Structure formats: structure tokens, C-alpha cells
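Handing you a structure now.
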Amino acid sequence: MIDAPGRSPERPEDDAALVGEYVLGLLDRDEAAALERRLAREPGLRTLHSEWADTFATFLGTEEVTPPARLKRRVETRLFPGAPRRGWAGWGAIIGMPVAAFAAAFFLLQPLDPFDPTLHVDLAAPDAGLLVAAGADEDTLRIILQEGAAAPGRSLQLWLIAGDAGPVSLGLVPEDGQIDIPRPEGLTPGVVFAISDEPEGGSPTGQPTGEILAAEPLFEI
């Protein structure tokens, strides 16, 4: 855990947060100048500054390394589980927030999910209010219901369509949360994932019988 300086009678909580943001360079010019004037005359605040500097030395003193693109999705999923997502427009907003450095430090100190997807697809059916994401690493296919639900008495079924071959069922979309299944054979960029509306429990024929709600190709990340 991060041994972060906290509140005491001599150090209000606001000061602890303010100095932490100063050390991370998150204050604007006027705020930083005001705090520097206080640092010059308040020994307790200087002590707090030294403690924050020590706390973040591990993170601030390392060489910058560009993370792989797929790490962005893992960070977003870890920080905002279950939040609807399409693409990475929100990434810049996340790292621009004043709390981002604290959240990132927390994330880096937590055990990572060993699931490391290299393939991904988003299946959206706006008219049905449905958004399903699927990703695969070397061993696992993870299916996540991010938004929406099946109609009463119905099920959502996921299909894999490779080239001219017929649809192969990948099972039912989870009613909530996520489900992990063994990675199916033939899972390569370009194969199509589709979702159909089926009777409760799934298609009785082994092929789609209801409306195809969404279909998208799998892509590499």
C-alpha cells in the first residue's frame, strides 16, 4: 500500500491533498505560487511536502515507458468495471483528471488480472439498448454484458462466423457481469461475432432462429 501522508490536528486533510497535488505538478500556476509562499513560512507544510515527495519518488523517478495499447482497456476495465465503453476517447479524460495519479498508483500496486486480451470486439444494438464486449487472450474468451438485457422470456446468444462456414454457438450472453469460456478454435482477426435474440435457454436448432441484433468483426488490439 501507499504510505500516504494523512490528516492530523496539525495537518488538515485539505492541506495533505493540496501538497500531494503540488508534488505531482497538478496545481495551476497561481495555486502553486500560493502554496510555495506557505511552504516558506510553515514548517509543518514543508514536512508534509517531504513526506509526499518520498511517497511518490518510486513513481516519479522512473523512466517513462510507453505502455502497450491493450493496457489502456485493462486500466479502464479495472478502474470503471461495468461502465459502457466504445473505443478509447475517454482515456485522455481519465489521465487528465487530478485524481488520476492517485488512481494509477493504486492500480499499479494491485494484483493484475492475468487475463491479457489481444483480440476484441464490441457488439452494439442501440435500438435494443444493448452493448456486449468480448475479448480473447491465448486461452480464454471473456464475454461481458456492459449494457442492456434480453427481453422477458428470451435469451441473447453469441455466435462465431468464420468465412463461409455456418454460425457456431459460443453460448449465451451472461445476464449480468461477465463469463469466461475456453478460447474456441479459429479465433483470428476478421472472424465475425454476432448476437441473436433466441428463446429462453438458447436456440433449439443449433443455428440462429431469431433476429440478429448485432454483428461485428473481431479485431486485434
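The values are calculated or read from the model by the stated rules, or taken from the named source; none is laboratory data. Keep in mind that what you see is a predicted model, and the values were worked out from it rather than measured. Heads up, the Cβs are rebuilt from the backbone with ideal geometry, glycines too, and the neighbour counts pull from every protein chain shown. Accessible surface is based on the protein model in full, side chains and every heavy atom, while ligands, DNA and RNA are left aside. Shrake-Rupley method; radii C 1.70, N 1.55, O 1.52, S 1.80 Å.
Looking at L187, is it touching a helix residue (DSSP H, G or I) at 6+ places or on another chain (Cβ under 6 Å) and open to solvent by less than 50 Å² (accessible area, probe 1.4 Å)?
Answer is no for this residue.
Here's a follow-up. Polar (S, T, N, Q) and in a strand (DSSP E or B): does that describe Q157?
Yes, satisfied.
OK, next. When only residues in segment 122-149 that are open to solvent by 40 Å² or more (accessible area, probe 1.4 Å) and aliphatic (A, V, I, L, M) count, which is farthest from A215 (Cα to Cα)?
By that ranking, first place goes to A149.
If you go through segment 84-95 one residue at a time, do you hit one that is closer than 30 Å to G201 by Cα, modelled with pLDDT under 80 and loosely packed, with under 12 Cβ neighbours inside 10 Å?
Yes - at least one qualifying residue is present in segment 84-95.
Now for a separate question. When you scan segment 172-205, how many residues do you find that are small (G, A, S) and within 16 Å of Q157 (Cβ to Cβ)?
Count: 5.
Does segment 39-63 hold any residues that are within 17 Å of E21 (Cβ to Cβ) and at pLDDT below 75, and which are they?
F56, A57, F59, L60 - these are the residues of segment 39-63 that are within 17 Å of E21 (Cβ to Cβ) and at pLDDT below 75.
Being open to solvent by less than 40 Å² (accessible area, probe 1.4 Å) and of a type in the set (D, E, K, R) is the filter here, so list the residues in segment 190-221 that pass it.
D197, E198
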